[in-house]
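The values are calculated or read from the model by the stated rules, or taken from the named source; none is laboratory data. On a predicted model such as this, the values are computed, not experimentally measured, just so you know. As a convention, Cβ positions derive from the backbone with ideal geometry for all residues, glycine included, and neighbour counts pool all protein chains shown. SASA here: full protein model, heavy atoms, side chains in, ligands and nucleic acids out. Shrake-Rupley method; radii C 1.70, N 1.55, O 1.52, S 1.80 Å.
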Amino acid sequence: MPDGVHGAIVRRVSTRPDGPLDITWLAAGTPRLPLGRIRLRWEPASLSSWDVTAHLGLTTTEVHLGSRPAAPDDWPRPVRPTLYEVTGQCAALAFATDALDLSNRLAGG
């Protein structure tokens, strides 16, 4: 990772197994993850591997999604399905929450 950052927010995960992970670097002073966003952090573990961790932003906290110690250089390939699934679940939850909020407003008004 570049100097002065502490991770990257996952913006988009390709559905293709060899597709890209679109990310945005997070500055070291960034306070907290936005709701439903995933932060990845990777650091060299040895000459040919990386320690990778993932966190998910919730309304009031962040949760640790998982770690892959000493992951090989192609670490995005094996973690892509998990990232894709989590981002899809977050989008579905956000949509359901918005629909419930709208339903409650309409019923109360």
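Structure above, values below:
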{"read-out": "Förster radius 22 Å - calculated FRET efficiency between THR24 and LEU58, Cβ distance, rounded to 0.05", "value": "0.70"}
{"read-out": "Helical mean residue ellipticity (222 nm; -39500 (n - 2.57) per DSSP H run of 4+; nearest 500) of the chain", "value": "-11000 deg cm²/dmol"}
{"read-out": "Residues of the stretch 17-35 with amide N under 20 Å of the 7 Å Cα→Cβ point at ASP74", "value": "17-22"}
{"read-out": "Extreme residue, positive dipole direction of the stretch 1-99, given options THR97, ALA54, ALA27 (C-beta unit charges)", "value": "THR97"}
{"read-out": "Table column - 3J(HN,Hα) (Hz), the stretch 73-84, Karplus curve with 6.51, -1.76, 1.60, x for Gly and Pro", "value": "4, 8, 4, x, 4, x, 8, 4, x, 5, 4, 5"}
{"read-out": "Accessible area per residue, Å², the chain with all protein chains present, probe 1.4 Å", "value": "65 Å²"}
{"read-out": "Percent RCO, i.e. relative contact order, over the chain, from Cα pairs under 8 Å lying at least 6 residues apart", "value": "20 percent"}
{"read-out": "Inverse of mean 1/r across different Cα pairs in the chain, Kirkwood, Å", "value": "15.3 Å"}
{"read-out": "Three-way shape label, the stretch 43-84, alpha-carbon gyration tensor, a/c 1.5", "value": "oblate"}
{"read-out": "The chain - percent of accessible surface contributed by carbon and sulfur, probe 1.4 Å", "value": "58 percent"}
